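Asker: Pasting in a structure now, in structure tokens, and then I'll have a few things to ask.
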Amino acid sequence: MNKAITDGLALMPPAFENGLGPWSSGDGTPGAPGYAGDPNAALVPADQDFGGCLELQKTTATVKLRHTGDTPLLPGCYLRVTARVKAMSGNLPSVRIAGWAGGAGNAHVGGVVETGPSVALTAYGRVETVQAIIGTGTRTGVDMAWGTAASFGHFGIDLTGPTGGVVRIDDIEIEDVTSVFLRNMMDWVDVRDYGAIGDGFANDAAAFAAADAAAVASGCELLVSAGTYLLDADVTLGAPTRFEGTVTMPAHRRLSMTRSFDLPTYADAFGDEELGFKKAFQALLNYSDHESLDLGGRRIELTSPIDMQAAVNNKTVFATRRAIRNGQFNVVDDPAWATSTATSQASYDSGNPTMLTAVANIANIPVGSLVEGTGVGREIYVTAVNVGAATLTLSQPLYGAAGTQTYSFTRFRYILDFSGFAQLDKLVLDDIEFQCNGISSGIMLAPSGLVFHVRDCFIVAPKDRGITSIGTGCQGMLIDRCQFLSNESPLRSQDRVSIAFNANANDLKIRNNRAVHFRHFAVLGGSGNLIVGNHWFQGDTETTGLRSPGIVMIGTDVKSTITGNYIDNSSVEWTNEYEAHPDFANQYSFGGLTITGNAFTASDVAPWFSWIVLKPYGNGHFLQGFTLSGNVFKALSGAVDRVERVDTTFATLDNFRMRNVLVEGNTFTAVTQVSANPVMVQHDQATEALIWTIDAGAYLPFGGWARNVDSVVAEGMITGPAGERRSDMPFVDVEQGASKQQVALNWQNSSKGRVQIRLRMDNPN
């Protein structure tokens, strides 16, 4: 690179033999004294070493020689000034290259070095070469770094030291030596050429901005050469950027690289993948240039949880779609991952169902803590903490905790922890592997938010939880094509504690996922959910072993469907444990659930295991809209008694109020007692009787009563004692017997024969 050639810049001063008019004994600025007619200066036309040259007598402490012309100094351009000098007589002085830095409006640029290294003349007639390099950037070999404020200079030499000597000076040379520092054919702009210092202390933000502007204008790459650059301002880089050095920024300062927005570049920029990820996420939420952060397939080693809100620092609410994709987080064991547990006494009033009051030790209870105690349902978390009022806000009501008791509060540690946000909408995690390694949990959602989307991700070996919702940040959550791989596969099903995910809000879409050996695949506290095409399995090697629920549906009228899943060695459990008043009063009772087209299997389980378990936490509840159809049930290594049952730990169902229950079209293998509603029962009456008692109880799901008869059809002729034909129509009495699971056919006369009777355990509507 040579500006004199490429840009036609005039760098070389005129020769002395052309006259001394362009030369000044001052700074070279307009009005400064000149050498034309100066008695201490003379032209020598034919020196044996120099040819034409200038002879000066040193009469003052510092004798200046400056070219009065403006020698341009451009960003990225480096000039070398050379002078050849010899002493002729008298005292021997010292010589140095010197200049005057000029900027906008011909003003002097102060605070910069304007003299080069000094060379002492030690003998008469010996030629000494004096040189110095001047440029905008602070680089090794640059003697006078003037920054970008200087745009030109007046260059020459200084004679210092003793007075009274006479020296001769050859023509001064100024040449472009940029190629010494940069390649001859470069396609980048270096931040150092625009004044960046790179010592980790000087604020290089302005230099980065200037260099970036030049790179964008020229279509070049921006180069951050070796060094540590402090950027104490928000910086946006519009050019593709390459880092040989690193940057450091205060936490509240942001770096946006609009043409190099990916984790590899941010990791190079900050010299650390974890810090690079945090700063990239900060930029993702603060600038509109990008909708996604590409992790570039990189593996980020983590020794502590990432507080995602603290990384952004200036936002607690964000509602614009953003995505993080294509990488891996790998947890490295460290005390920072340790679970914290606090035990505190607190009071609960069911009239204020999501609040604990008079909480002791409240300052030690963090947001996101799992709440456990008597009368506390599964997966209830602390959503907010008010230390001054000594109150905790809970994600769900407590079914049986009225009064004062001691609670435990357990805070798991998550790779990505969004709980510091008040609300976070439309964040997508795509194609990411979370290697928890049995040390950490996976993802904690914000207390509030819409449409959090996790797709094509692996959550591997979480210590406690895969995905945790501590509030309504799961509203409309989508989980698609993800793998949840437990850290507890060697344990018995009943000994496992980890949960793949939970949710409190509504309208989830859980599709085409696979979950292995968790205590629960999902604990769902909302309604309007679609659980489609998933495979979860929770078996173990224990003979006639216990099995835990795979899906826990919490709520009464859940308006949800479980369709086309492979449900292996686990049950679907339906409860109302999130009600502060779990007895039936004026709320909807259990309804709105459709389970259809699923493949259920179980192996080597206790015979009383059932795939569908309804568990009311209060009295008076009933089914008011439920469909179980088109499913396949198969037991291996031993039969199970039936596919469905009621868990009466807390309460039974009100069988009188059952309505709109459809259980049909299912297939059963190694199931001792099939069930259906309505059910077609064939009854053979071998001896004539006025009343035929028909017991359908074994077929009726959930222990229901024989509430209605849809039809009675005689198969063949109904006859009397002598074989005479009976043509009368019997009437039906329902809810007969001690269990109310029988019906009675009442004939006008004693009769015998066969009937097909279709009966129900519900009212159809």
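The values are calculated or read from the model by the stated rules, or taken from the named source; none is laboratory data. Since this is a predicted model, take the numbers as computed values, not measurements. Neighbour counts are summed over all protein chains in view; Cβ atoms, including those assigned to glycine, are modelled from backbone coordinates with ideal geometry.
Asker: Could you please find all residues in segment 403-415 being touching a Lys or Arg at 6+ places or on another chain (Cβ under 8 Å) and part of a strand (DSSP E or B)?
Answerer: Once the filter is applied, which keeps residues that are touching a Lys or Arg at 6+ places or on another chain (Cβ under 8 Å) and part of a strand (DSSP E or B), segment 403-415 yields only Tyr414.
Asker: Let me ask another. Got a sec? Which of Phe434, Phe421, Phe409 is under 19 Å from Ala311 (Cβ atoms), in contact with a Ser or Thr (Cβ under 6 Å, 6 or more places away or on another chain) and buried (at least 20 other Cβ atoms within 10 Å of the Cβ)?
Answerer: Values: Phe434 fails: in contact with a Ser or Thr (Cβ under 6 Å, 6 or more places away or on another chain); Phe409 fails: under 19 Å from Ala311 (Cβ atoms).
None of the others qualify; the one that does is Phe421.
Asker: Yes or no: segment 241-259 includes at least one residue that is in a loop (DSSP other than H, G, I, E, B), within 24 Å of Trp146 (Cα to Cα) and touching a Pro at 6+ places or on another chain (Cβ under 6 Å). Even if it seems obvious, please write down each step before you answer.
Answerer: Going through segment 241-259, the residues in a loop (DSSP other than H, G, I, E, B) turn out to be 244-245, 249-254, 258-259.
From what's left, within 24 Å of Trp146 (Cα to Cα): 244-245.
Now restrict to residues that are touching a Pro at 6+ places or on another chain (Cβ under 6 Å): none.
The answer is no; no qualifying residue exists.
Asker: Considering segment 343-371 alone, what residues qualify as being of a type outside the set (S, T, N, Q), within 31 Å of the chain's Cα centre (by Cα) and either surrounded by 15 or more Cβ atoms within 10 Å (Cβ to Cβ) or over 25 Å from Met444 (Cα atoms) (or both)? Reasoning before the result, please.
Answerer: So in segment 343-371, the residues of a type outside the set (S, T, N, Q) come out as 346, 348-349, 351, 353, 355-356, 358-360, 362-363, 365-368, 370-371.
If we keep only those that are within 31 Å of the chain's Cα centre (by Cα) as well, we get 355-356, 362-363, 365-368, 370-371.
Matches in segment 343-371: Met355, Leu356, Ile362, Ile365, Val367, Gly368, Leu370, Val371.
Asker: Identify, please: which residue in segment 634-661 is farther than 20 Å from Met553 by Cα and not charged (D, E, K, R) and is, among those, farthest from the chain's Cα centre (by Cα)?
Answerer: Phe656
Asker: Which residue pairs have Cβ atoms closer than 7 Å, lie 6 or more positions apart in sequence or on different chains, and pair a first residue in segment 510-521 that is under 20 Å from Gln475 (Cβ atoms) with a second residue that is basic (Lys, Arg)?
Answerer: Final answer for the pair search is Asn513/Arg481.
Asker: Consider Val734 against the criteria (1) in a strand (DSSP E or B); (2) in contact (Cβ under 8 Å) with a residue 40 or more places away in the chain; (3) under 28 Å from Asn631 (Cβ atoms): it satisfies all of them except one. Which criterion is unmet?
Answerer: (2)
Asker: If Ile467 satisfies every condition in (1) touching a residue at least 40 places away in the same chain (Cβ under 8 Å); (2) in a strand (DSSP E or B); (3) not basic (Lys, Arg) but one, which is the exception?
Answerer: (1)
Asker: If only one of Ile757, Ile691 is of a type in the set (A, V, I, L, M), crowded, with 18+ Cβ neighbours inside 10 Å, in a strand (DSSP E or B) and modelled with pLDDT of 95 or more, which one is it? Full working, then the answer.
Answerer: On the way: Ile691 fails: crowded, with 18+ Cβ neighbours inside 10 Å.
Exactly one of Ile757, Ile691 is of a type in the set (A, V, I, L, M), crowded, with 18+ Cβ neighbours inside 10 Å, in a strand (DSSP E or B) and modelled with pLDDT of 95 or more, namely Ile757.
Asker: For segment 575-593, which residues satisfy the criterion of being assigned to a loop (DSSP other than H, G, I, E, B) and hydrophobic (A, V, I, L, M, F, W, C)?
Answerer: We begin by selecting, within segment 575-593, every residue assigned to a loop (DSSP other than H, G, I, E, B); these are 576-589.
Listed by number, the residues that qualify are Ala580, Phe584, Ala585.
Asker: In segment 315-342, how many residues are surrounded by 15 or more Cβ atoms within 10 Å (Cβ to Cβ) and polar (S, T, N, Q)?
Answerer: 3
Asker: Further question: Sort out which residues of segment 740-761 are closer than 21 Å to Leu662 by Cβ and basic (Lys, Arg), and write them in order of number.
Answerer: Residues of segment 740-761 closer than 21 Å to Leu662 by Cβ: 740-741, 743, 756-761.
The answer is Lys740, Arg758, Arg760.
Asker: Checking the conditions here, which among Ala196, Ala202, Ala217, Ala226 is more than 30 Å from Arg84 (Cβ to Cβ) and either of a type in the set (S, T, N, Q) or buried (at least 16 other Cβ atoms within 10 Å of the Cβ) (or both)? Don't jump to the end; show me each part of the working.
Answerer: On the way: Ala202 fails: either of a type in the set (S, T, N, Q) or buried (at least 16 other Cβ atoms within 10 Å of the Cβ) (or both); Ala217 fails: either of a type in the set (S, T, N, Q) or buried (at least 16 other Cβ atoms within 10 Å of the Cβ) (or both); Ala226 fails: either of a type in the set (S, T, N, Q) or buried (at least 16 other Cβ atoms within 10 Å of the Cβ) (or both).
Just one listed residue meets the conditions, Ala196.
Asker: Filter segment 594-620 for residues that are closer than 27 Å to Gly545 by Cβ and part of a strand (DSSP E or B) and give the result.
Answerer: Selection gives Ile595, Ala599, Phe600, Thr601, Ala602, Ser603, Val605, Ile612, Val613, Leu614, Lys615.
Asker: Sticking with this one: Mind telling me which of the residues Thr115, Thr82 ends up being under 19 Å from Ile172 (Cβ atoms), hydroxyl-bearing (Ser, Thr, Tyr), in the same structural domain as Met144 (by TED's automatic domain parsing) and under 54 Å from the mean Cα position of the chain (by Cα)? Walk me through how you get there before you give the answer.
Answerer: Numbers: Thr82 fails: under 54 Å from the mean Cα position of the chain (by Cα).
Only one candidate passes the filter, namely Thr115.
Asker: So which residues in segment 640-669 are surrounded by 15 or more Cβ atoms within 10 Å (Cβ to Cβ) and small (Gly, Ala, Ser), if there are any at all?
Answerer: Ala651
Asker: How about segment 655-679: which of its residues are in contact with a Ser or Thr (Cβ under 8 Å, 6 or more places away or on another chain), on the phi < 0 side of the Ramachandran plot and outside any strand (DSSP E or B)?
Answerer: Arg657, Asn666
Asker: Restrict the check to segment 439-459 and report whether at least one residue is in contact with a strand residue (DSSP E or B) (Cβ under 8 Å, 6 or more places away or on another chain), under 23 Å from Ser571 (Cα atoms) and assigned to a strand (DSSP E or B). First the steps, then the outcome.
Answerer: Initial filter on segment 439-459 (in contact with a strand residue (DSSP E or B) (Cβ under 8 Å, 6 or more places away or on another chain)): 439-459.
Filter once more, so that each one left must be under 23 Å from Ser571 (Cα atoms): 459.
Of the ones still in play, those that are also assigned to a strand (DSSP E or B) are 459.
Yes, segment 439-459 has at least one match.
Asker: Just the residues that are surrounded by 23 or more Cβ atoms within 10 Å (Cβ to Cβ) and closer than 24 Å to Leu56 by Cα, please, taken from segment 71-82.
Answerer: Val81
Asker: So how many residues does segment 496-530 have that are among the hydrophobic types (A, V, I, L, M, F, W, C) and part of a loop (DSSP other than H, G, I, E, B)?
Answerer: Within segment 496-530, the first condition is being among the hydrophobic types (A, V, I, L, M, F, W, C), and the residues that meet it are 497, 499-501, 503, 505, 508, 510, 515-516, 518, 521-524, 530.
This time we only want the ones that are part of a loop (DSSP other than H, G, I, E, B), so: 497, 505, 508, 518.
Residues flagged as among the hydrophobic types (A, V, I, L, M, F, W, C) and part of a loop (DSSP other than H, G, I, E, B) within segment 496-530 amount to 4.
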